[in-house]
Amino acid sequence: MRSGRVGTSLSGVTAVNAISKRNFKAHWVAPTLRELKRRKVIEEDRNGGQKIFHRSTFLEWNYDAEIFAFSNRLGEKFNDSSLRAALTHKSYIERETARLSDVGVESNLQFQDNEALAQKGGEIMSKFINGYLRAVFTQVPEELIRAMHDFLTSNSTLETVAKHIGLGDLMLCADFPCKTETYVKSFKAVVAALAESSGEEQARVFVQDLVVTQLYGQDVNELWNPVDPVGNLTAILKREGKAEPEFRLIRQSGSSSILAVYYVGVYSDKNFISEGAGESLEVAKEMAAREALKKLFHTEDSMRALPFGRQLKNIQSKIAQLENQPNVQLSEWI
């Protein structure tokens with residue numbers, strides 16, 4: 001029995017020693033890793049951040065497979081030649097031509113750049129966006145339509161959309177990471193390629209799903225800043241045959257402090273229209289006029305959510321009709 005206990009004890013010690021040896025690291029490992037990390041941080045700071053490599057530099061890169069996966073990921077059908085042209089920037093062709101010339105090879109590259117497709121895509125995308133905005137925002141002046149259109153077609157918005165659908169890994173260009181202008185041009189070209197491949201109706205839905213949805217959660221009133229909201233409100237009420245707006249101080253708080261707040265109401269023909277708040281009477285008056293314009297244009301904070309997806313199925317024909325039919329200008333709005 002004694003020998004059995006000794007054997008058990010020795011086997012336990014042996015197991016502990018084995019575990020200790022397995023988890024043991026030399027004393028120089030941790031300092032070395034810290035030094036390597038320190039050098040990596042210095043190198044990244046010197047180069048402006050961590051270096052990113054294009055997927056085409058990977059050994060498993062297969063451009064044909066990437067193109068096929070891109071189309072299926074979006075659920076769209078593209079003509080192969082049109083999609084490849086949409087993803088080819090002219091800088092890539094120029095770089096490859098110069099590289100072949102340097103090694104003495106005659107350059108006869110059968111590539112088409114996306115310049116023409118980008119121009120066409122920008123035009124039809126602008127048309128699709130205007131049609132949607134005019135069909136949904138029927139009561140707003142054309143100035144607000146133009147402001148929302150400019151927001152949706154801005155470089156920052158289109159670059160965000162292009163990155164989210166993975167264009168950065170597919171675009172053929174000389175610079176990487178790709179420039180904002182390259183992202184925007186390629187995305188517009190993809191829209192044109194889809195219109196050529198599957199028709200304008202499919203391209204319209206594509207733009208609505210990817211671009212127009214960027215309005216979700218956005219206060220559209222912040223996109224447009226009318227110069228004289230009080231004057232605009234006065235002119236609109238006058239054209240409607242109503243009395244000029246009357247601004248009244250409703251309440252105030254902390255008027256003798258730096259945290260003063262004034263609440264001003266707008267009335268017309270003794271009927272309350274809206275109210276606004278501000279740190280001074282003039283600011284509160286202007287904010288009240290802005291709130292009144294929101295009610296007239298049906299863009300108040302409690303407006304209905306914008307329709308997307310299947311909700312647009314029944315009004316696509318209306319959207320197409322309004323693409324070239326502007327809303328009423330603010331100077332003529334009633």
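The values are calculated or read from the model by the stated rules, or taken from the named source; none is laboratory data. Remember, predicted model here, so these are calculated numbers, not experimental data. Here the Cβ positions follow ideal geometry from the backbone for every residue, glycine too, while neighbour counts run over all protein chains shown. With ligands, DNA and RNA removed, areas are computed over all heavy atoms of the protein, side chains included. Shrake-Rupley method; radii C 1.70, N 1.55, O 1.52, S 1.80 Å.
Separation of segment 124-153 and segment 199-263, taken as the distance between their Cα centroids, equals 16 angstrom.
When restricted to Cα atoms, the chain yields an Rg and a Dmax of 31.5, 112 Å, respectively. By DSSP, the beta bridges lying fully in the chain are antiparallel in about 95 percent of cases. Close amide H contacts of SER274 (hydrogens built in the peptide plane, cut-off under 5 Å, sequence separation of 5 or more or a different chain): VAL266. The alpha-carbon of LYS242 sits under 18 angstrom from the alpha-carbons of these lysines, leaving out residues fewer than 8 places away in its chain: LYS270, LYS294, LYS295. Multiplying the residue separation of ASP64 and VAL103 by 0.36 nm and subtracting their alpha-carbon distance yields 11.4 nm.
Rounded to the nearest Hz, the phi-derived 3J(HN,Hα) couplings of segment 147-159 under the Karplus curve 6.51 cos²θ - 1.76 cosθ + 1.60 (θ = phi - 60°) are 5, 5, 4, 5, 5, 6, 9, 5, 4, 5, 5, 5, 5, where x marks glycine and proline. For the residues ILE42, ILE67, ILE93, a GNM of the chain with alpha-carbon springs under 10 Å puts the largest fluctuation on ILE42.
Longest stretch of the chain clear of exposed loop sites (trypsin sites (Lys or Arg not before Pro), DSSP loop, at most 16 other Cβ atoms within 10 Å, sites excluded): 78-178.
Counting only Cα atoms, the size of segment 221-334 along its three principal axes is 57, 32, 24 Å, in decreasing order.
If you fit an axis through the alpha-carbon atoms of helix 200-210 and take the longest principal axis of the Cα set of the chain, what angle between them do you get, 0 to 90°, nearest 10? Tilt of helix 200-210: around 80 degrees.
Run through every distinct alpha carbon pair of segment 63-216 and return the Kirkwood hydrodynamic radius in angstroms, one decimal place. Every distinct Cα pair counted, the radius reaches 16.3 Å.
Full extension of the chain between ALA235 and HIS27 yields a length gain of 66.7 nm, computed as 0.36 nm times the residue separation minus the alpha carbon distance.
Each of HIS164, HIS149 has its accessible area taken with a 1.4 Å probe; listed largest first, they run HIS164, HIS149.
Taking the protein heavy atoms of segment 225-297 in the context of the full set of protein chains, the accessible area attributed to carbon and sulfur is 51 percent at 1.4 Å.
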